[in-house]
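Okay, so here's the structure we're looking at.
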Amino acid sequence: MDATKLAEQAMQMAEQAKEMATEALRLANETAASALTTADPAVTDAVTGAASQGIPFLYLFAVFVLAVFVGYYVVWSVTPALHSPLMGVTNAISSVIIVGALLAAGPDGFGFSKIMGFLAVMLASVNIFGGFIVTQRMLSMFKKKERK
């Protein structure tokens, strides 16, 4: 084959790929538009929330997966003698979750997000207080017992 023929074929294939990509984008936009018009408003808000800020879902999901792996390896690399302080700090950090729950439960009106925000406040409260009780019990195991 001649180099010019090969270059022409490559140009034709590139043009066809461009046309197919444009058509795929048009179809994806049509599908997304029809899905958003038929979806539940709460689901639509959840799906478009991060997307409206320019953050793709796949990016957020990748951050979540990486956080899971990092958390797993950090916790399992802690020596047993330091589990009590780790529990205390973890409970203090997880207490920040309640701020997001309060923000979700705070807006005027009554809807799905308000119910989920209230539920998140309740579950975060149980997590906070239960975690500190468990930490207190773990720390009491290290105290010297009084001799009788």
Just for region 109-148: of the residues that are touching a helix residue (DSSP H, G or I) at 6+ places or on another chain (Cβ under 9 Å) and farther than 24 Å from residue 87 by Cα, which one is modelled with the lowest pLDDT?
-> 113
Exactly one of 43, 99, 47, 74 is of a type outside the set (D, E, K, R), over 27 Å from residue 122 (Cα atoms) and modelled with pLDDT under 85, and that one is 74
Among 78, 74, which is under 22 Å from residue 134 (Cβ atoms) and surrounded by 11 or more Cβ atoms within 10 Å (Cβ to Cβ)?
-> 78
Among the candidates 113, 95, 140, residue that is hydroxyl-bearing (Ser, Thr, Tyr) and either in contact with a Phe, Trp or Tyr (Cβ under 7 Å, 6 or more places away or on another chain) or exposed (fewer than 13 other Cβ atoms within 10 Å of the Cβ) (or both) | 140
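The values are calculated or read from the model by the stated rules, or taken from the named source; none is laboratory data. All values derive from a computational prediction rather than experimental measurement. For neighbour counting, all protein chains shown are included, and Cβ atoms are generated from backbone atoms with ideal geometry for every residue, glycine included.
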